[in-house]
1. Tell me which helices (runs of 4 or more DSSP H) are completely within region 54-128 and hold 2 or more residues being out of contact with any Pro (no Cβ under 8 Å at 6 or more places or on another chain) and crowded, with 20+ Cβ neighbours inside 10 Å, or say none if there are none.
2. Any residue at all in region 38-46 that is β-branched (Val, Ile, Thr) and over 17 Å from the mean Cα position of the chain (by Cα)?
3. Answer yes or no as to whether residue 76 is at pLDDT below 95 and of a type outside the set (S, T, N, Q).
4. Return the total of residues in region 48-68 being closer than 15 Å to residue 86 by Cβ and of a type outside the set (Phe, Trp, Tyr).
Amino acid sequence: MFKPTVRILAFCLLGLIALNTAAQESITHIHPDKYFNKGIELFEKGNYVSAQKHFQLASKHSNPSELHLRGEAEFYNALCAIELFNQDAEFLIRSFINNYPDNQKVNRAFFELAKLRYRERKYKDAIY
């Protein structure tokens, strides 16, 4: 009689753990700013690969009403690509400039694009 009680208790515990894990997962989907803040923290430490993943998640999970957050996430995503010498870095920074022309970071994006071109020895394009 003791064994069935232990089994029931074990199943209840596993069920509670599974519910707790699912609840924690949905909270992060509701708050993309947590991804963004973690991305900033990682970016400042120079961990560009992990930071880029967090910025991508923040952008992906942001609501249409969170346009500013999405723009910031895409800007930092592009900066990570530049720092990592990714081939899509120029595309990402240009996408940010085109998609968010009113963002405060557009001038810095142009500067980062010029630095990228200079680093790639495309000097004429760097002064564009």
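1. 67-83, 89-99, 106-119
2. No, the conditions are met nowhere in region 38-46.
3. no
4. Residues that pass the stated criteria total 6.
The values are calculated or read from the model by the stated rules, or taken from the named source; none is laboratory data. Predicted model, so just to flag it, every value in this text is computed and none were measured. For neighbour counting, all protein chains shown are included, and Cβ atoms are generated from backbone atoms with ideal geometry for every residue, glycine included.
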